[in-house]
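Remarks on the structure that follows.
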Amino acid sequence: MQKLIDETWLLALWLIAGVCTSFAADVHPLYGADTQDDAETRFIDNSLIVAPEYPCTWPAYPFPRYSIVHQQTIGPDSSYNVDVLFIDGNTGTQLDVPPHSVARPELKREKSGPLGLAYTDKIEPWQFGGEACVVDVRDLLDQAPKGISPLVRSEHVERFEGQHRKVGFGDVVLFRSDYSDRYYQPLPEGRRYIAEILDRQAPGYPDPDPDCMDLLGQRGVLTLGTDSASMGPLPDLAEPTHYAGLKYGMIWTEGATNLGELPPTGAFYCLLAPKHEDGPYSEGRAFSIVGGELPQRLIDACRNKRAVDLSPTLSPRLPITSPGIGTGNHRQVYLKIDFLYSDYLDMWHHTHLMDAMAGTHLVPPAYALPADDHPVPYAPEVRGWLEAYEKTYGPRGVSTMTTEQVPIDWTCGDARVIDVTSLVGSTDASQWPASPEITVDHIKAYERSKGELQPGEVVIFRTGHIDKHLRPAPDDLGMWQDPLAGKSEGWPAPGPEAIVYLKSKGIRCVATDAPDLGGVEPRRALMTYWALGSREMVGVEFLHNVAAVPEKGAYFLFASVKVRDCHGGPGRAIVLY
């Protein structure tokens, strides 16, 4: 009986890989395949929306439900909209890595091996992307009894190869059934997505069988994707299929959508996911790029393993969220919460409670801007700051642009790294808390040396702060606490004048390897965020390893999890070159 119970739980664990969410992916006006010339580069969102009324988490007990808490809103007690997420790695469009199925080597079990240590924080960034090879399996949709998945077999891959070319290393094989496009709906209709299959009320989603996975592994394919809710066929092939692929070191997307926007070959496809420490899976954001020269440039970079990871690891041991200024003003700390134990893997499956700006994250316009023109009851001090800001920089503006509304092409572009490490140590200790200000003159000096900034490029300020100070306690005070308390200098940060200048150059995304773009002085920080939001610019904060970015030919890719109504957004940043 115990063996049966263990096997039942193990089956459930394979199935959770398929918890996905989102209505058929929104397509930014730039993306419309029928209205654009093939020479024009277009970004296609292949991700499901994450929202409480959608089936975005695995519905069976004891898997936790997703939730978002708007912990602070703009008003007398806060100048910002601050959110907290309770989110499982099996939420929405998601990433699976080998330890989801491969046991750690020291366990010495039949399925043990070195890949049992290849967690989400260990996968090399070049493996996240490649050339999309879209295997059309729409003929399988709903072609099975209730509760059973129609199987994608080796002959489906061979059919694709006969029509196009053989697949191999550097390709991302995507199984297109249009399942998510059709069945991801708000609840209760959304029960058709996963719950009705588990209750044997509807046919299962199409998925590959183990032989198909073995074929792809032998071909050298290391990255896959499916627009089904999981890469695990129901009711009894989920674990065998997972292991058949993961034993090769494969990673894959579960819960992709909108694959019909991609050509059979030639598109660049990528899944970027937060870098959870020892994570066997992670919530993520999938997207594709088609048209023009860019897709091939990025495909070649992945195929030749030319990639730099710019996101620090998310860990409860590290200072990845702000402690705030003064007692009681800290952001939600990053917590790992165990909920289900796998005896075979000797691993707890877990969820996270986290600030929406933990680690590498997006700053959308709605973070610092109110949603409408109604007067904001700011604290008196902040009202004075606003009056001074508007006299100099114009109206603060309003915005409802939360994370899911920010087009992915806004946070991707040729990287321009502006080294401002020379500013470190330039402030007077008597004036602390203070951050050295990155000014227009600093940016212009960079342009005179390295060439003019061009529209659509991503400007990355290299401060070196996180590389130096991201340490576990008790050596963590230099990251946030001492600078905010005036015990040490703050990190270099741009002032509003610098943001206004960058906007004039056509820059829409500004990034930093510091904790944030605002710095440690509340007045100047708020003005910087007002300048960003009012000009429909976005920020990417909390990078590291920026010194490894090549000066020429580097392309910055960042995407945040597609969380609806979120005023931050955890994500992953890489550079391909």
Report summary line: Helix 522-534 sits off the longest principal axis of the Cα atoms of the chain, rounded to the nearest 10 on a 0 to 90 degree scale, by 60
Report summary line: Between the Cα axis of helix 380-393 and the main Cα principal axis of the chain, the angle (0 to 90°, nearest 10) is 90
Query raised in the report: Counting other C-beta atoms within 10 Å, which of MET401, MET354, MET479 has the fewest, and how do the rest follow?
Result: MET401, MET479, MET354
Query raised in the report: When DSSP assigns beta bridges and you keep just the ones with both residues in the chain, what percent turn out antiparallel, to the nearest 5?
Result: 60
Report task. Give the calculated FRET efficiency between ALA429 and ASP372 to the nearest 0.05, with a Förster radius of 51 Å applied to their Cβ-Cβ distance. Result -> 0.75
Report summary line: For region 403-496, listing GluC sites (Glu not before Pro) in a DSSP loop whose Cβ sees at most 14 other Cβ atoms within 10 Å gives GLU452
Query raised in the report: Can you pull out the chymotrypsin sites (Phe, Trp or Tyr not before Pro) in region 263-308 that DSSP calls coil and that have at most 16 other Cβ atoms within 10 Å?
Result: none
Report task. Provide the gained length on full extension for the span GLU161 to ASP346, in nm with one decimal, where the gain is 0.36 nm per separating residue minus the Cα-Cα distance. Result -> 62.7 nm
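Find out how many positive minus negative residues lie around PRO492, taking Lys and Arg as positive, Asp and Glu as negative, among other residues whose Cβ is under 11 Å from that of PRO492.
My count for the surroundings of PRO492 gives -3.
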Report summary line: Once both label points are put 7 Å beyond Cα along the C-beta direction, the ARG182-LYS444 separation in nm becomes 6.1
Query raised in the report: Roughly what angle does helix 294-303 make with the longest principal axis of the chain, taking Cα atoms, 0 to 90 degrees, to the nearest 10?
Result: 70
Report task. First measure r as the distance between the Cβ atoms of LYS305 and PHE339, then evaluate 1/(1 + (r/R0)^6) with R0 = 30 Å and state the FRET efficiency to the nearest 0.05. Result -> 0.25
Query raised in the report: Measuring from centroid to centroid over Cα atoms, what is the spacing of region 443-466 and region 37-105 in Å?
Result: 31
Query - Answer label, with Rg and Dmax of the Cα atoms in Å calculated from the coordinates and candidates [x] 48.5, 166; [y] 23.1, 70; [z] 23.5, 74 - result: [z]
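How high is the relative contact order of region 347-576, in percent, with contacts defined as C-alpha pairs under 8 Å that are six or more residues apart?
Answer for region 347-576 is 32 percent.
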Query raised in the report: In whole Å, what is the distance between the alpha-carbon centres of region 208-272 and region 505-577?
Result: 31
**Report entry** Per-residue Cβ neighbour rank within 10 angstrom, fewest leading, MET231, MET347
**Finding:** MET347, MET231
Query raised in the report: Within a Cβ distance under 13 Å of GLY539, other residues only, what is the Lys/Arg minus Asp/Glu net charge?
Result: -1
Query raised in the report: What value, in deg cm²/dmol to 500, does the helix sum -39500 (n - 2.57) over DSSP H runs of n ≥ 4 give at 222 nm once divided by the residues of the chain?
Result: -6000 deg cm²/dmol
Query raised in the report: Got the relative contact order for the chain handy, in percent, Cα pairs under 8 Å and 6 or more residues apart?
Result: 18
Query raised in the report: Tell me, how many Å apart are the Cα centres for region 366-434 and for region 304-339?
Result: 21
Query raised in the report: Loop-only check: which trypsin sites (Lys or Arg not before Pro) in region 290-321 are DSSP coil with at most 14 other Cβ within 10 angstrom?
Result: LYS305, ARG317
Query - Lys, Arg +1 and Asp, Glu -1 on Cβ, resulting dipole of region 281-420 about Cα centre, debye, nearest 20 - result: 300
Query raised in the report: For HIS164, HIS352, HIS156, HIS374, what ranking results if the residue with the fewest other Cβ atoms within 10 Å of its Cβ goes first?
Result: HIS374, HIS164, HIS156, HIS352
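Values quoted throughout were computed directly from the atomic coordinates according to the rules given, and no laboratory measurement underlies them. None of these values were measured; they are calculated from a predicted model. Heads up, the Cβs are rebuilt from the backbone with ideal geometry, glycines too, and the neighbour counts pull from every protein chain shown.
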